[in-house]
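Taking it in order: structure first as structure tokens, then the write-up.
The values are calculated or read from the model by the stated rules, or taken from the named source; none is laboratory data. Every value quoted in this text rests on a predicted model; they were computed, and no experiment measured them. Reconstructed Cβ throughout: ideal geometry from the backbone, glycine too, with neighbour counts over all protein chains shown. The accessibility values were calculated without ligands, DNA or RNA, using every heavy atom of the protein model including side chains. Shrake-Rupley method; radii C 1.70, N 1.55, O 1.52, S 1.80 Å.
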Amino acid sequence: DYASAACFAFTPRQEEGEPQIVMAEAGTGVGKTLGYLAPATVWAERNGAPVWVSTYTRNLQLQVDRTLRRHYGDSEAARDKIVIRKGRENYLCLLNLEESLGSTQTQPGVSPALGLMVRWAGATRDGDLSGDFPFWLADLVGRPRTLGLSDRRGECIYSACPHYTRCFIEQSVRRARDAEIVVANHALVMIQAANATVEDAYRPVRYVFDEGHHIFDTADSAFSATLSGIEAYDLRRWLVGAEASSRSRARGLRRRMADLIEDHPDLDVFVERTIEAAKGLPGEGWLSRVAEDTPAGPVEAFLVIVRRQVYARAAASDNPYSIEAEVNPCLPGLLEAASAASAVLGRLVDPVKQLIDEMKAWLDRAVAELQEDQRRKIESMARSLQQRALNALLFWRSMLAAVGGATPLEFIDWLHIDRIEGRDFDIAFKRHWIDPTKPFADVMASQAHGILMTSATLTDSTGDAERDWHAAAMLSGAAHFPIAATRAHVTSPFSYRDAARVFIVRDLKRNDIEQVAAAYRELFIASGGGGLGLFTAIQRLRGVYERIAAPLDARDIALYAQHVDGLNPATLIDMFRADEQSCLLGTDAIRDGVDVPGRSLRMLVFDRVPWSRPDILYKARKTAFGPEYEDRMTRLRLKQAFGRLIRRADDRGVFVLLDSMLPSRLASAFPSDVVVARVGLAEAIAQTRDFLQT
């Protein structure tokens, strides 16, 4: 039934700009991956074109890849039919590796780590540092010599690189053009579609968005803009490169374009102007200067007043974590500082635009003389300048123009300070779409012929089918496409009444950390391990960890914790999965990333109802979408958490919420056939022991 519904996304569209849209919800155990890969592989083979399968989590990408390999086999020919595509920052940069190897004479201590990286580079399938790379290695020898060797700051020099033909990134891009199934992530698909980064001849027209309930959040990141100290500094480094006062290996625009300048010397004038204008952006040490009110240049001066306004007006400026404030009304001087900063950005816009125009003119003039590789280099560099520099500069200037006035109705602007443990690490002026699925739908409608949006938790669960599907259309963006989506719902074959228990603890003081910690301790002991504790605040997570680690260890139950152990979340999940008697504490990142079937995950404990944090962006969306928005997002988090618990037909699990304040209307987040019981803590512990150990 599910595969039949998915097939409609692969039928021909009737009008330009009106792709065939399918929203399909399939409960856990239906076989959703097989259900959409069946029509996808048939369509790809018959049409000689790729289907892009987009996921949100790394675990699902690996699951899709494993399923496809069972279909295609492991031959070299089959390898070319399946390509995993991710952003550049996910792949090992061979030039970074080479330059790091050059430092071993002065830093002999790094040799073992780099030796391991060289061996991995020779054995890896595609150089994916978030795929087949062992995350524990980064935890063992450090990030700088492992994960830090990726291109995380857009410093790629493309064809000027001596490793260009062997580059893992370039190879995956080329292989994706001839593949049948390309497995990507939501962020890459959206950014690629928005920036039109694929030549028309290779642009995909069929998409599957698995984990479709995450489209809203991913679009929120992909189509937002941030003018911050870090963003502006990174742009300066990308254009100027390493400066005399910096220890960075950053490669600037001149090195990136060296071979093009050699072939076309007229470009050098525009490159020089761009580099000089970029020096007006924040440079090395900008954060200290801003904090000390000694800015170097108008952009840093703007950040000084942004920081002052946030500290003056934040609701809890003593909060050790990030704080924010409204833009208007402005502090004295903010409007003038915004105008001066915009002027600096404007002086950089002109040479960047001239450089792009000159490269495009070169392509037109020399159309009969340029070789294919040379043309591709020019197009690639022009596109990079457009996306990395010009688009950001133009958006920043439009944001600054709204300071002191009215923000366009479709956006929300605010001032923000990112902090960790009470220390500032970035100061920002932010702009987000109130409904980010609108730009997502616009770019996808212009390119796609068919889109399948699917998830085990796509709809809401109010009991009103029309309202529930409306929520799915809002989260997935289906509501903004020109024609209505086809809907399909297939229920889970699992018997949750037999497989799971849900307990809402009614006699616990949720703000008493001692009581909360004692509850976690006794519940984890009752389950004999296999417990995942989820928290809505890092401080409470740490407080519970400090109080229960030793007692659990005395019972031979290992306890791992995000934000405590200092290990990558993927490493923590791997350790948790491998030891059935271990427990793990984490926040949203763990909830979304964990996929642990079997006894290794048999209990899930939430410290409290996961209401959304009432920040400026959330309040704007609640106003726009109505009061039901709050309940909808909370139910979705509960549904997602419960969905981690029962992954196979023979799984058994207990879900415990240590918060008596759960409204009855939110209990519909759980499967209709599971019993939701409001009980005392002692009873929850006793029933957990009886249910899981019998």
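From the list Arg376, Arg365, which one is under 30 Å from the mean Cα position of the chain (by Cα), open to solvent by 40 Å² or more (accessible area, probe 1.4 Å) and more than 30 Å from Leu334 (Cβ to Cβ)?
Arg376
Looking at Asp132 and the list (1) surrounded by fewer than 17 Cβ atoms within 10 Å (Cβ to Cβ); (2) farther than 21 Å from His186 by Cα, which single condition is not satisfied?
(2)
Any residue that is without any contact (Cβ under 8 Å) to a residue 60 or more places away in the chain, open to solvent by 10 Å² or more (accessible area, probe 1.4 Å) and under 30 Å from Arg313 (Cα atoms) - is there at least one of those in segment 383-396?
Looking for residues that are without any contact (Cβ under 8 Å) to a residue 60 or more places away in the chain, open to solvent by 10 Å² or more (accessible area, probe 1.4 Å) and under 30 Å from Arg313 (Cα atoms), one finds at least one in segment 383-396, hence yes.
Take segment 491-521 and flag every residue that is touching a Lys or Arg at 6+ places or on another chain (Cβ under 6 Å) and of a type in the set (S, T, N, Q).
Within segment 491-521, just Gln515 meets the criteria.
Considering only segment 141-174, state which residues are surrounded by 18 or more Cβ atoms within 10 Å (Cβ to Cβ), at pLDDT below 85 and part of a loop (DSSP other than H, G, I, E, B).
Across segment 141-174, the qualifying residues are Asp151, Gly154, Glu155, Cys156, Ile157, Cys161.
In segment 453-464, is there at least one residue being on the phi > 0 side of the Ramachandran plot, surrounded by fewer than 18 Cβ atoms within 10 Å (Cβ to Cβ) and in contact (Cβ under 8 Å) with a residue 12 or more places away in the chain?
Yes; the residues of segment 453-464 include at least one that is on the phi > 0 side of the Ramachandran plot, surrounded by fewer than 18 Cβ atoms within 10 Å (Cβ to Cβ) and in contact (Cβ under 8 Å) with a residue 12 or more places away in the chain.
For residues in segment 293-332 being polar (S, T, N, Q) and out of contact with any Lys or Arg (no Cβ under 7 Å at 6 or more places or on another chain), which is surrounded by the most Cβ atoms within 10 Å (Cβ to Cβ)?
This residue is Gln309.
In segment 266-320, which residues are more than 21 Å from Gly241 (Cβ to Cβ), of a type in the set (Ser, Thr, Tyr) and not in a loop (DSSP other than H, G, I, E, B)?
Ser288, Tyr311
Asp498 is checked against (1) crowded, with 21+ Cβ neighbours inside 10 Å; (2) over 14 Å from Arg608 (Cα atoms) and fails just one. What number does that condition carry?
Answer for Asp498: the failing condition is (1).
Is segment 524-545 home to any residue that is free of Cβ contacts under 8 Å to residues at least 60 places away in the same chain, open to solvent by 40 Å² or more (accessible area, probe 1.4 Å) and touching a helix residue (DSSP H, G or I) at 6+ places or on another chain (Cβ under 7 Å)?
No - not one qualifying residue is present in segment 524-545.
Does segment 225-239 include one or more residues that are open to solvent by less than 40 Å² (accessible area, probe 1.4 Å), in contact (Cβ under 8 Å) with a residue 24 or more places away in the chain and touching a Ser or Thr at 6+ places or on another chain (Cβ under 8 Å)?
yes
From the list Ser75, Ser111, Ser130, Ser103, pick out the single residue that is in contact (Cβ under 8 Å) with a residue 24 or more places away in the chain and polar (S, T, N, Q). Explain how you work it out, then say what you get.
Working: Ser75 fails: in contact (Cβ under 8 Å) with a residue 24 or more places away in the chain; Ser111 fails: in contact (Cβ under 8 Å) with a residue 24 or more places away in the chain; Ser103 fails: in contact (Cβ under 8 Å) with a residue 24 or more places away in the chain.
One residue alone meets the criteria, Ser130.
Quick one: which of Arg125, Arg177 is more than 14 Å from Cys93 (Cα to Cα), part of a helix (DSSP H, G or I) and among the charged types (D, E, K, R)? Walk me through how you get there before you give the answer.
On the way: Arg125 fails: part of a helix (DSSP H, G or I).
Step by step, each of Arg125, Arg177 is checked, and only Arg177 is more than 14 Å from Cys93 (Cα to Cα), part of a helix (DSSP H, G or I) and among the charged types (D, E, K, R).
I'd like the full set of residues that are within 21 Å of the chain's Cα centre (by Cα) and open to solvent by 10 Å² or more (accessible area, probe 1.4 Å), limited to segment 120-129.
If we filter segment 120-129 for residues that are within 21 Å of the chain's Cα centre (by Cα), which is where we start, we get 126-129.
Once the filter is applied, which keeps residues that are within 21 Å of the chain's Cα centre (by Cα) and open to solvent by 10 Å² or more (accessible area, probe 1.4 Å), segment 120-129 yields only Asp126.
Could you list, in sequence order, the residues of segment 429-473 that are in a loop (DSSP other than H, G, I, E, B), modelled with pLDDT of 95 or more and more than 23 Å from the chain's Cα centre (by Cα)?
Selection gives His449 alone.
For segment 52-74, indicate whether the set of residues that are out of contact with any strand residue (DSSP E or B) (no Cβ under 9 Å at 6 or more places or on another chain), at pLDDT 90 or above and not hydroxyl-bearing (Ser, Thr, Tyr) is non-empty.
Checked segment 52-74: no residue is out of contact with any strand residue (DSSP E or B) (no Cβ under 9 Å at 6 or more places or on another chain), at pLDDT 90 or above and not hydroxyl-bearing (Ser, Thr, Tyr).
Please verify whether segment 391-402 includes one or more residues that are assigned to a helix (DSSP H, G or I) and either over 30 Å from the mean Cα position of the chain (by Cα) or of a type in the set (Phe, Trp, Tyr) (or both).
Yes - at least one qualifying residue is present in segment 391-402.
Quickly run through segment 234-265 and pick out the residues that are at pLDDT 80 or above, in contact with a helix residue (DSSP H, G or I) (Cβ under 7 Å, 6 or more places away or on another chain) and not in a helix (DSSP H, G or I).
Selection gives Gly241, Gly252, Met257, His264.
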